Amino acid sequence: MSRATFASRLGAVAAAVGSAVGLGNIWRFPYETGQNGGGAFLLIYVLSVMFLGIPLLIAEFTIGRSAHANVSRAFKMLAPGTKWYLTGVMGMLVAVIILGFYTVILGWTLCYTWRALTNDFAMTVATAQTVDPQLSSADVMAADFSAFSSSVWSPILWMAGSILINAVIMLGGVQKGLERASRIMMPALAVLLLILVVNSCLLPGFAKGCEFFFYPDFSKVTGRTIITAMGQAFFSLSVAMGIMLAYGSYLGDNTKIGKTALSIASLDTLIAVLAGVVIFPACYSYGIDPGKGPGLVFITLPNVFMQMPGGYAMCLAFFMLVLLAGLTSCMSLFEVPISYLQEEHRMSRRVATMTVALVVCSLGVLSSLSLGIGSGVTVLGNNFFDLADKLTSLYMMPIGGILISLFVGWRLDRSITHDALTNWRNDSGWYLRPLIIGLRYVVPVLIAIVFVGNLI
């Protein structure tokens, strides 16, 4: 069976940036910044991307392109007769487990995009205040989201809709599905983001919001701030999920791995920063605490947009932005198990896609119900949604990142690494030596700090 590749470097970068740019940038990054001191957190995050994220991106691309195989077979080919392939299997499992709760959040986003389109937020608030005029719009939106996310059927149906959209795209394969969708969605995402940034510049709280976001207040930096920033960089760049390894396997032999990794990390960070420029001035303009936590997107911001001139258009643009970001990340997560089933179990693309969609839907149902009627069923004090999140982010991803770093730093034949990073000696590969030193000594230690810090 011939193996697909990306049709162009632009398509590869669009797909990989689409994977990296997800709910982590627009949903998680702003509230983590808000809770951890603004500019100081941003600075530590950027440093973490440089010294942790980029080396791991290069490492995964090196493994993937050198083998041109799925996450498991790549390790079997590069380290035959060893157990290193279990690192790839774990990455594939991470992708599936993350999809089990990520599609629930994506379903919420799909629902809220529809509600923004139909102006349902304003109607919901007006209806509630007709019954009780003392209710604030913020209270109405909080109660509304709580009722929606803990209900039985509505979030499950929206989640199933998000899975169906992804499945239809993934049936098109690497070039006609994944790459084509990314090349359409990423420019659309960029346009929406720029519209929101321009609107943000016109808000009365723009200066204060940007001061909070960019001015580093190191008095608020604690050990937790550093650990959180490193973990956010790890999560945002989609490393140790099998995604970048799978995408590396689709890179053409003339693709410059280092340059591609740098482009992806730079664009991902830029979009996260622009998302902050959109959100923090809005918070300061309307007296909203920027550290409101995960509810910032689904509770706080709809309330802000309702108070804003032209708020309907801005609210719709914002949720379309979040939806596109979520879809591009979700597609990349789907590709990891789909390619595994195609190559290891000889499934057709259609059967593999349907199989993964059904498994993910089953996990998504459990995740969604655990926020409502199933909340009493816990493991070690965690419902299913939180258990899946913590299992992947606190345990499996850090361990996978350490193993990938050690594999390229110590186990992978140096000639393979040299050929991959110099494009078979057509480029200088000047960064090869510092990269290997970093993967051997620096990156594993940094990830271990995140790992132990999260456990503590």
First in the range 431-442 and free of Cβ contacts under 8 Å to residues at least 40 places away in the same chain, second anywhere and in a helix (DSSP H, G or I) and surrounded by fewer than 16 Cβ atoms within 10 Å (Cβ to Cβ), Cβ under 7 Å, 6 or more apart: LEU432/HIS418; ARG440/TRP410
Residue pairs meeting the criteria (Cβ under 6 Å; at least 6 apart or on separate chains; first assigned to a helix (DSSP H, G or I), in the range 36-49; second modelled with pLDDT of 90 or more and crowded, with 21+ Cβ neighbours inside 10 Å): VAL49/ALA265; VAL49/THR269
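Could you grab me the full set of residues in the range 363-376 that are without any contact (Cβ under 8 Å) to a residue 40 or more places away in the chain and either surrounded by 14 or more Cβ atoms within 10 Å (Cβ to Cβ) or over 22 Å from PHE145 (Cβ atoms) (or both)? First the steps, then the outcome.
In the first step, residues of the range 363-376 are kept if they are without any contact (Cβ under 8 Å) to a residue 40 or more places away in the chain; the result is 370, 374, 376.
Once the filter is applied, which keeps residues that are without any contact (Cβ under 8 Å) to a residue 40 or more places away in the chain and either surrounded by 14 or more Cβ atoms within 10 Å (Cβ to Cβ) or over 22 Å from PHE145 (Cβ atoms) (or both), the range 363-376 yields SER370, GLY374.
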Subset of the range 272-287 that is at pLDDT below 90 and surrounded by fewer than 24 Cβ atoms within 10 Å (Cβ to Cβ) - its residue that is nearest to the chain's Cα centre (by Cα): TYR284
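Table: residues versus (1) hydroxyl-bearing (Ser, Thr, Tyr); (2) surrounded by fewer than 16 Cβ atoms within 10 Å (Cβ to Cβ).
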position	(1), (2)
GLY205	no, no
LYS220	no, yes
ALA240	no, no
LEU245	no, no
LYS256	no, no
LYS259	no, yes
LEU262	no, no
THR269	yes, no
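Can you give me the number of residues within the range 20-64 that are among the hydroxyl-bearing types (Ser, Thr, Tyr) and within 29 Å of ARG440 (Cα to Cα)?
3
For the range 81-96, check the following and say yes or no: at least one residue is farther than 29 Å from ASN25 by Cβ, touching a Leu at 6+ places or on another chain (Cβ under 7 Å), at pLDDT 95 or above and not in a loop (DSSP other than H, G, I, E, B).
Quick first cut of the range 81-96, residues farther than 29 Å from ASN25 by Cβ only: 81-86.
Going one step further and asking which of them are touching a Leu at 6+ places or on another chain (Cβ under 7 Å), we end up with none.
The answer is no, given that none of the residues of the range 81-96 is farther than 29 Å from ASN25 by Cβ, touching a Leu at 6+ places or on another chain (Cβ under 7 Å), at pLDDT 95 or above and not in a loop (DSSP other than H, G, I, E, B).
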Test for ALA181: is it over 16 Å from ALA15 (Cα atoms), of a type in the set (A, V, I, L, M) and touching a residue at least 12 places away in the same chain (Cβ under 8 Å): no
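In this structure, is ALA357 surrounded by fewer than 19 Cβ atoms within 10 Å (Cβ to Cβ) and either modelled with pLDDT of 95 or more or more than 19 Å from the chain's Cα centre (by Cα) (or both)?
Values: surrounded by fewer than 19 Cβ atoms within 10 Å (Cβ to Cβ): no; either modelled with pLDDT of 95 or more or more than 19 Å from the chain's Cα centre (by Cα) (or both): yes.
In short, no.
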Filtered residues of the range 421-439 (kept if of a type outside the set (Ser, Thr, Tyr) and surrounded by 15 or more Cβ atoms within 10 Å (Cβ to Cβ)): LEU421, ASN423, GLY429, LEU432, LEU435, ILE436, GLY438, LEU439
Qualifying residues in the range 288-312 (those that are part of a loop (DSSP other than H, G, I, E, B) and modelled with pLDDT of 75 or more) - the one nearest to PHE212 (Cα to Cα): ILE288
Residue in the range 115-124 that is over 23 Å from VAL278 (Cβ atoms) and either surrounded by 21 or more Cβ atoms within 10 Å (Cβ to Cβ) or not hydroxyl-bearing (Ser, Thr, Tyr) (or both) present: yes
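The values are calculated or read from the model by the stated rules, or taken from the named source; none is laboratory data. Note that the structure is predicted; figures quoted are calculated from it, not measured. All Cβ positions, glycine included, derive from the backbone under ideal geometry; neighbour counts span all protein chains shown.
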